[in-house]
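A.B. asks: Got a structure for you, written out below as structure tokens; questions coming shortly.
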Amino acid sequence: MSLKVDIRRRLGSFDLAVAFAAEQECLALLGASGSGKSVTLQCIAGILKPDEGHIEMDGRVLYDSAAGICLPPQQRQVGYLFQQYALFPHMTVRQNIAVAVRQHDRRKDVTEELLRRFQLTDAADRRPARISGGQQQRAALARILASEPKAILLDEPFAALDSYLQYQLELELQNTLAAFPGTVLWVTHDRGEAWRSCRRVCVLEEGRSQPVTEMTELFRAPATESAARLSGCKNYAAARPAGQRVELPEWGLTLETGRAVPPDTVTAGIRSHHVTFAVPGAANAFSCRVVRIIDDVFETIVLLRPEGAAEDAPLLRMECAKEAWRAREKLPVQTVAVAPEHILLLK
Amino acid sequence: MDWYPLYNSLRIAAVSTAAVFFLGLFFAYYIARLPRLLKGVLDVILTLPLVLPPTVVGWLLLCLLGPKQPLGAWVLNVFGTKLVMTWWSAIFATVTVSFPLMYRTARGAFESFDPSLAAAGQTLGLSNTYIFWRIRLPVCRQGILAGMVLSFARALGEYGATSMVAGYTPGKTATISTTVYQLWRTNEDAMALRWVLVNIAISAVFLLTINLLESRDKQKNRGGSRP
């Protein structure tokens, strides 16, 4: 089971160029809104036509501009979970599933089986507008499985749901997908969602795809600033390589990195929770003035200005436990440090 | 009382509405996907019969269908029948004037149709024909039904173009509207009044139907239950 995608599509000033390969796995397509995630899925499903390229699933060519092949969506056997689920509003849940059953002679059995499996038996005779958001998602998934797809594309599966519903549904969705014998592409802008459900990730950045990497790699060592942003890193400063150290002129700092800094490094990234309190003189320690304190739900966010920083330099954001901050809040100047391995070196 | 005009009016309106249903859907569906400029131009042309005086439409139709005109002459030659002055000639007139009503309401309905429903149907393996008749039409049915009711009412009340294309022959091409005019012209006011009342009754029923459809539509948009 595999899916190979290499497509380009131009629409006005937006230029999409996406290439990746997925095995029988759940691959995350992670990108900010407007990065071309949905367009990519629509090209794979056959709803949109790319300008050029190649799409192949299990050795079967779905699209090839050079060979003039473009299978209609009906023949691609690619299931698509739409953001708003796209259930047919004039049909009951049962009818929605029944129309999609591929084995026509077993339509009734397959439908009832899916209704049971997705706990929709009680909602079976209701129309989509009359059931909950969670039931809608289950109905849409059941309908996709009824059509016996070879791959499933999920377009922001929780965009239409309240966040308190998401946790339970995410577990259900993971169970469903774990039993699915094919490729799953999971489009999202939420790094946590991608981390919990996928092992590998392809980052999309303004219509360009980055090489597929392990999820852990994206968090440990993102390659670019936008990948770092998607992984949740919030502090960035212009960087100059200096052997095993990196100079951050905006903050007037030079920090140890514990490894050779690649010559093409232009930015350093520091995660908010990797900024820790330290004693003066410790490794990579520097003193800062407190500019602002934001009390968050479970932690305290402190915005700091390193003492050697320029006036217009970005502030350093630190997140720490509320107790840790309470013990320190009287001090006008704070000494903080960033462990060498926690400095992200970005191209 | 000779009920022929009522019967004739109803069958003309029925056949015309059936024709307009398919024509309107066809144009609405394909024009909705055209580029904006072409869409604008075609929209004006197809809506023109709605705003032209019926006599202008009648005159234009006679230019096309008259026995001395190319098309009319050809049909007379090949099929041995005139296209004008028969009961069904009125259908040309009613289709022309009621088409824009169906076309415009259907297009409005199609444009508010969520394209992801059609895309979902396609990825599930449903044929485009199935998606059109069993998903797009039922989802847009309020708008399409309203269009049909308006077209039927317009066809039923058509006078100007009909009188020019089909004339007035009692028991042959007479419709309610041409009969009322004829009765008024010959000072048969009592009979005229009867037909006027019949016409008012039919029109009232149609307006009630439209209002009913609209209120159901509103209820649906509010998320209320449907039978």
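A.B. asks: Taking the conditions exactly as written (over 23 Å from residue B:89 (Cα atoms) and of a type outside the set (Gly, Ala, Ser)), does residue B:183 satisfy them or not?
C.D. replies: no
A.B. asks: Sticking with this one: Suppose the filter is closer than 30 Å to residue A:232 by Cβ and within 14 Å of chain B (Cβ to nearest Cβ); does residue A:38 pass it?
C.D. replies: yes
A.B. asks: Can you tell me how many residues within the stretch B:31-59 are in a helix (DSSP H, G or I) and either surrounded by 13 or more Cβ atoms within 10 Å (Cβ to Cβ) or among the basic types (Lys, Arg) (or both)?
C.D. replies: 16
A.B. asks: Any idea how many residues of the stretch A:171-215 are of a type in the set (A, V, I, L, M, F, W, C) and more than 17 Å from residue A:3 (Cβ to Cβ)?
C.D. replies: So the answer is 8.
A.B. asks: Restricting to the stretch A:115-144, count the residues that are part of a helix (DSSP H, G or I) and away from chain B (no Cβ under 13 Å).
C.D. replies: Final tally of qualifying residues: 8.
A.B. asks: Scan B:99, B:92, B:113 and give me the residue that is of a type in the set (Phe, Trp, Tyr), in contact (Cβ under 8 Å) with a residue 12 or more places away in the chain and in contact with a Cys (Cβ under 8 Å, 6 or more places away or on another chain).
C.D. replies: Criteria check complete, one pass: B:113.
A.B. asks: Test residue B:81 against the stated conditions and say whether it is under 29 Å from residue A:142 (Cβ atoms), among the β-branched types (Val, Ile, Thr) and free of Cβ contacts under 8 Å to residues at least 12 places away in the same chain.
C.D. replies: No, not satisfied.
A.B. asks: Quickly run through the stretch A:59-85 and pick out the residues that are in contact with a Lys or Arg (Cβ under 6 Å, 6 or more places away or on another chain) and in a loop (DSSP other than H, G, I, E, B).
C.D. replies: A:77
A.B. asks: Being assigned to a loop (DSSP other than H, G, I, E, B) and of a type in the set (Gly, Ala, Ser) is the filter here, so list the residues in the stretch A:145-160 that pass it.
C.D. replies: A:147, A:159, A:160, listed by residue number.
A.B. asks: Give me the pairs: first residue in the stretch A:1-21 and over 17 Å from residue A:212 (Cα atoms) and of a type in the set (Asp, Glu), second residue modelled with pLDDT under 95 and not in a strand (DSSP E or B), beta-carbon distance under 6 Å, and six or more apart or on different chains, which are they?
C.D. replies: Qualifying pairs under 6 Å: A:15/A:207.
A.B. asks: Within the stretch A:315-333, identify whether any single residue is surrounded by 18 or more Cβ atoms within 10 Å (Cβ to Cβ), farther than 15 Å from residue A:271 by Cα and in contact with a Phe, Trp or Tyr (Cβ under 8 Å, 6 or more places away or on another chain), and answer yes or no.
C.D. replies: No, because not a single residue in the stretch A:315-333 is surrounded by 18 or more Cβ atoms within 10 Å (Cβ to Cβ), farther than 15 Å from residue A:271 by Cα and in contact with a Phe, Trp or Tyr (Cβ under 8 Å, 6 or more places away or on another chain).
A.B. asks: Please specify each residue of the stretch B:123-162 satisfying the condition of being within 12 Å of chain A (Cβ to nearest Cβ) and surrounded by fewer than 20 Cβ atoms within 10 Å (Cβ to Cβ).
C.D. replies: B:127, B:128, B:129, B:130, B:134, B:137, B:138, B:141, B:142
A.B. asks: Separate question: Take the residues in the stretch A:44-58 that are in a strand (DSSP E or B) and surrounded by fewer than 19 Cβ atoms within 10 Å (Cβ to Cβ); name whichever of them is farthest from the chain's Cα centre (by Cα).
C.D. replies: Across the stretch A:44-58, the extreme among qualifying residues is A:52.
A.B. asks: Name every residue in the stretch A:238-269 that is more than 22 Å from residue A:335 (Cα to Cα) and hydroxyl-bearing (Ser, Thr, Tyr), in order of residue number.
C.D. replies: Passing the criteria: A:265, A:267.
A.B. asks: Does residue B:20 meet the test of being in contact with a Ser or Thr (Cβ under 6 Å, 6 or more places away or on another chain) and at pLDDT 95 or above?
C.D. replies: yes
A.B. asks: Right, another one. Being surrounded by fewer than 15 Cβ atoms within 10 Å (Cβ to Cβ), under 20 Å from the mean Cα position of the chain (by Cα) and assigned to a helix (DSSP H, G or I) is the requirement here; does residue B:94 meet it?
C.D. replies: Answer is no for this residue.
A.B. asks: Still on this structure, I have one more. Please go through (1) under 30 Å from residue B:72 (Cβ atoms); (2) more than 19 Å from the chain's Cα centre (by Cα); (3) β-branched (Val, Ile, Thr) for residue B:178 and return the number of the only condition it doesn't satisfy.
C.D. replies: Checking residue B:178 against (1) under 30 Å from residue B:72 (Cβ atoms); (2) more than 19 Å from the chain's Cα centre (by Cα); (3) β-branched (Val, Ile, Thr), the one that fails is (2).
A.B. asks: Taking the stretch A:91-103, which residues are within 14 Å of chain B (Cβ to nearest Cβ) and modelled with pLDDT of 95 or more?
C.D. replies: Hits for the stretch A:91-103 are A:91, A:92, A:95, A:96, A:97, A:98, A:99, A:100, A:101.
A.B. asks: Out of the residues in the stretch B:105-121 that are buried (at least 22 other Cβ atoms within 10 Å of the Cβ) and under 18 Å from residue A:48 (Cα atoms), which is farthest from the other protein chains (Cβ to nearest Cβ)?
C.D. replies: The qualifying residue farthest from the other protein chains (Cβ to nearest Cβ) is B:121.
A.B. asks: Does the stretch A:62-78 include one or more residues that are more than 11 Å from chain B (Cβ to nearest Cβ), without any contact (Cβ under 8 Å) to a residue 12 or more places away in the chain and among the hydrophobic types (A, V, I, L, M, F, W, C)?
C.D. replies: Among the residues of the stretch A:62-78, at least one is more than 11 Å from chain B (Cβ to nearest Cβ), without any contact (Cβ under 8 Å) to a residue 12 or more places away in the chain and among the hydrophobic types (A, V, I, L, M, F, W, C), which makes the answer yes.
A.B. asks: Which of the residues spanning the stretch A:296-319 are free of Cβ contacts under 8 Å to residues at least 40 places away in the same chain and under 18 Å from residue A:331 (Cβ atoms)?
C.D. replies: A:300, A:301, A:302, A:303, A:304, A:305, A:315
A.B. asks: For residue A:84, indicate whether it is more than 23 Å from residue A:11 (Cα to Cα), buried (at least 19 other Cβ atoms within 10 Å of the Cβ), of a type outside the set (A, V, I, L, M, F, W, C) and in the same structural domain as residue A:166 (by TED's automatic domain parsing).
C.D. replies: For residue A:84, the condition - more than 23 Å from residue A:11 (Cα to Cα), buried (at least 19 other Cβ atoms within 10 Å of the Cβ), of a type outside the set (A, V, I, L, M, F, W, C) and in the same structural domain as residue A:166 (by TED's automatic domain parsing) - is not met.
A.B. asks: Can you tell me which condition residue A:100 does not meet? The list is (1) more than 25 Å from residue A:163 (Cα to Cα); (2) assigned to a helix (DSSP H, G or I); (3) not polar (S, T, N, Q), and all the others hold.
C.D. replies: Status for residue A:100: all satisfied but (2).
A.B. asks: On the given criteria, is residue B:165 of a type outside the set (Lys, Arg), away from chain A (no Cβ under 14 Å), without any contact (Cβ under 8 Å) to a residue 24 or more places away in the chain and buried (at least 20 other Cβ atoms within 10 Å of the Cβ)?
C.D. replies: no
A.B. asks: Here's something else I'd like to know. Out of the stretch A:296-332, which residues are part of a strand (DSSP E or B) and within 27 Å of the chain's Cα centre (by Cα)?
C.D. replies: Within the stretch A:296-332, A:299, A:300, A:301, A:302, A:303, A:316, A:317, A:318, A:319, A:320, A:321 qualify.
A.B. asks: Search the stretch A:208-222 for residues that are under 17 Å from residue A:37 (Cβ atoms) and pair each with any residue that is part of a helix (DSSP H, G or I) when their beta-carbon atoms are under 7 Å apart and the residues are at least 6 apart or on different chains.
C.D. replies: Pairs that qualify, where the first residue is under 17 Å from residue A:37 (Cβ atoms) and the partner is part of a helix (DSSP H, G or I), are A:210/A:227; A:215/A:194; A:215/A:195; A:218/A:227.
Residue-by-condition table, conditions (1) under 29 Å from residue A:105 (Cβ atoms); (2) modelled with pLDDT of 95 or more; (3) not assigned by TED's automatic domain parsing to the domain that holds residue A:26:
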| residue | (1), (2), (3) |
| --- | --- |
| A:125 | yes, yes, no |
| A:134 | no, no, no |
| A:164 | no, no, no |
| A:173 | no, no, no |
| A:179 | yes, no, no |
| A:191 | no, no, no |
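The values are calculated or read from the model by the stated rules, or taken from the named source; none is laboratory data. This one's a predicted model, so the numbers in the text were calculated from it and none came from an experiment. Positions of Cβ are backbone-derived with ideal geometry, glycine not excepted, and every protein chain shown enters the neighbour counts.
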